[in-house]
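Some notes on the structure that comes next.
The values are calculated or read from the model by the stated rules, or taken from the named source; none is laboratory data. Note that this is a predicted model, so its numbers are computed, not measured. Note: ideal-geometry Cβ built from the backbone for every residue, glycine included; neighbour counts use all protein chains shown. Just the protein is used for accessible areas: all its heavy atoms, side chains included, with ligands, DNA and RNA removed. Shrake-Rupley method; radii C 1.70, N 1.55, O 1.52, S 1.80 Å.
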Amino acid sequence: MSDLRIPFIKRGKKINVYINDRKTLAYEGETVHAVLLASGYRVLRKTEKMNQLRGIFCGMGICYECLVSINDKPYQRACMRQVERNMKIDIHDILGP
Amino acid sequence: MPAIVVIGGGVIGTSIAHYLACKGAKVTLLEKGDLASGSSGACDGLIFIQSKKPGVHLQLALASLELYEELYKKLPGHIEFKKSGGMVIFETDAEFEAMREYIQDQQALGLDVSLLNTKQALKKEPYLSKHIKGSTFFPSDAQVNPIALTVGFAMSAKKNGARIITRTTVKGIKIQNNRVSSVQTDQGDFDTDVIINAAGANASEIAAMVGVNIPIIPRRGQIVVTQAVKPILKHCLISAKYIAAKYHPALAKEKGEGISMEQTQNGNLLLGSTREFVGFNKQNTSEGITRIIEQTTRIIPELKKLHVIRTFAGLRPYTPDSLPILGQADNPKGFVMAAGHEGDGIALAPITGKLIAQMILTGKTDIPLDAFAVDRFQLQKETT
């Protein structure tokens, strides 16, 4: 699995989070979307009508594109939450047909 | 052909303008804000037939539904009309029993309404909570986009020669020889032979300008809008309490006002509603929003996962007998009422437009409008 983080940066404590049930390295203080990007996840969902791929866009909480499930709560903006120890992050289509 | 002014640019006013213009009448529609900036732009799109009072009210609703089929093809734009079918949900055995009789009456009138038990209801609507006791099902209940409908009616009227004038407030009405002669607005006067009062919640104010006493008062209905999602609801839903609350305000106070749910074509759910007499206050309240969310998520638990993206409230024009006021006033001549639909405006807009146009241009209507007479409240007062 990738770790695309820039090296030589002082980071918070190492913790584990779970992305689609896969144990993933994260650091305290990082946002969920930063962890996703660093771990190589760029596509977060597909659009309703045309099934187009979506991921992070504005990165600051106003576009609502980076929606993921956090601890089984769907439609959370990944860029607006910081990771916590053992956080469960799921990338999938909610309420499918 | 008489010159006609329609006051009010909501579903009712624009529907009347459409039906008149299509018959070649000379129509001017005056709207103080923008099209659908009143109740027609602050409601849900339910066309619920099965909940209409048996009798002429139901007859009107069925006739209106038929007109929707043509309008869907004929009006410009997408009015998003869909015959999704409707279900009235019961949460208690008492509600089930009360509705059983109501349904038998409807079936006796030839309505294809059925009573479903829990299992059958869940089969039709898989996201329903398992605690419900059952529901009704009527395949002809439908939904539409009320704003698209209003604009569609207006554009069609305009195409057929009507003048649609917005941002123009009616200030007064001139009468000459006991007949309406002109409408005075902040943009000038409009000479006219006929005035149609389609001002919804503001209809009393307009009627007062010609000395006609109309008991229409605003009744606030709050609505909660969710994010757009993949289809959850297959049909339009209302709870049994929602129907009861309309006809028995006292019941609404103690047992709550019930809920309605619709999923629009775009995927948003419109969850309603309250029925509050608060004057012309269009604010949402935390009590109203909370109650709507509590009751709708109890019936469709999946809703708990969704974000609420906004709320709004509309003022529905209430009348004491829950029937609209349609027809000519005795005095002055040429003053026509077409308001007071409270909660039935969307369903009855097409038939109201057609019948009022018919009445003005031919003097007769396909469906008699006696039950909706302008002076019926005065007469009731006089006989008591």
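Identify the residue in segment B:42-74 that is acidic (Asp, Glu) and part of a helix (DSSP H, G or I) and, among all such residues, is surrounded by the fewest Cβ atoms within 10 Å (Cβ to Cβ).
Step by step, filter segment B:42-74, then rank; the result is B:Glu70.
If a residue must be in contact with a Ser or Thr (Cβ under 6 Å, 6 or more places away or on another chain) and open to solvent by 30 Å² or more (accessible area, probe 1.4 Å), how many such residues does segment B:1-41 contain?
Of the residues in segment B:1-41, 3 are in contact with a Ser or Thr (Cβ under 6 Å, 6 or more places away or on another chain) and open to solvent by 30 Å² or more (accessible area, probe 1.4 Å).
Looking at segment B:72-114, which of its residues are at negative phi and acidic (Asp, Glu)?
Correct list: B:Glu91, B:Asp93, B:Glu95, B:Glu97, B:Glu101, B:Asp105, B:Asp112.
Tell me the strands (runs of 3 or more DSSP E) entirely within chain A that contain at least 2 residues that are open to solvent by less than 80 Å² (accessible area, probe 1.4 Å) and more than 14 Å from chain B (Cβ to nearest Cβ).
A:14-19, A:22-27, A:88-90
Of the residues B:Ile243, B:Ile293, which is at pLDDT 95 or above, in a helix (DSSP H, G or I), open to solvent by 10 Å² or more (accessible area, probe 1.4 Å) and not aromatic (Phe, Trp, Tyr)?
Selected residue: B:Ile293, the only one of B:Ile243, B:Ile293 that is at pLDDT 95 or above, in a helix (DSSP H, G or I), open to solvent by 10 Å² or more (accessible area, probe 1.4 Å) and not aromatic (Phe, Trp, Tyr).
When the residues of segment B:191-216 are narrowed to those that are assigned to a helix (DSSP H, G or I) and among the aliphatic types (A, V, I, L, M), which ends up nearest to the other protein chains (Cβ to nearest Cβ)?
Taking the candidates together, the pick is B:Ala201.
Test B:Pro301 against the criterion of being surrounded by fewer than 16 Cβ atoms within 10 Å (Cβ to Cβ), in contact (Cβ under 8 Å) with a residue 24 or more places away in the chain and under 21 Å from B:Val88 (Cβ atoms), and give yes or no.
yes
Could you tell me whether segment B:41-61 includes any residue that is on the phi > 0 side of the Ramachandran plot and at pLDDT below 95?
yes
Name the residue that is most open to solvent (accessible area, probe 1.4 Å), counting only residues in segment B:219-237 that are within 14 Å of another protein chain (Cβ to nearest Cβ) and of a type in the set (D, E, K, R).
That would be B:Lys234.
Take segment B:318-361 and flag every residue that is open to solvent by 20 Å² or more (accessible area, probe 1.4 Å), part of a loop (DSSP other than H, G, I, E, B) and in contact with a strand residue (DSSP E or B) (Cβ under 8 Å, 6 or more places away or on another chain).
If the condition is that a residue be open to solvent by 20 Å² or more (accessible area, probe 1.4 Å), part of a loop (DSSP other than H, G, I, E, B) and in contact with a strand residue (DSSP E or B) (Cβ under 8 Å, 6 or more places away or on another chain), then B:Gly343 is the only one that fits.
For segment B:106-126, give me the residue count where each residue is open to solvent by less than 60 Å² (accessible area, probe 1.4 Å) and not in a strand (DSSP E or B).
Number satisfying all stated conditions: 7.
Considering only segment B:247-255, I want to know if a residue exists there that is more than 14 Å from every other protein chain (Cβ to nearest Cβ) and either surrounded by 22 or more Cβ atoms within 10 Å (Cβ to Cβ) or at pLDDT 95 or above (or both).
Checked segment B:247-255: no residue is more than 14 Å from every other protein chain (Cβ to nearest Cβ) and either surrounded by 22 or more Cβ atoms within 10 Å (Cβ to Cβ) or at pLDDT 95 or above (or both).
Restricting attention to segment B:217-229, does a residue exist that is under 26 Å from B:Tyr19 (Cα atoms) and either in a helix (DSSP H, G or I) or in contact with a Gly (Cβ under 8 Å, 6 or more places away or on another chain) (or both)?
no
Return the total of residues in segment B:68-93 being touching a Pro at 6+ places or on another chain (Cβ under 7 Å) and over 30 Å from B:Ile132 (Cα atoms).
Residues meeting the conditions: 2.
Which one of B:Asn160, B:Asn202, B:Asn197, B:Asn145 is within 13 Å of B:Ile7 (Cβ to Cβ), at pLDDT 95 or above and open to solvent by 30 Å² or more (accessible area, probe 1.4 Å)?
After ruling out the rest, the residue left standing is B:Asn202.
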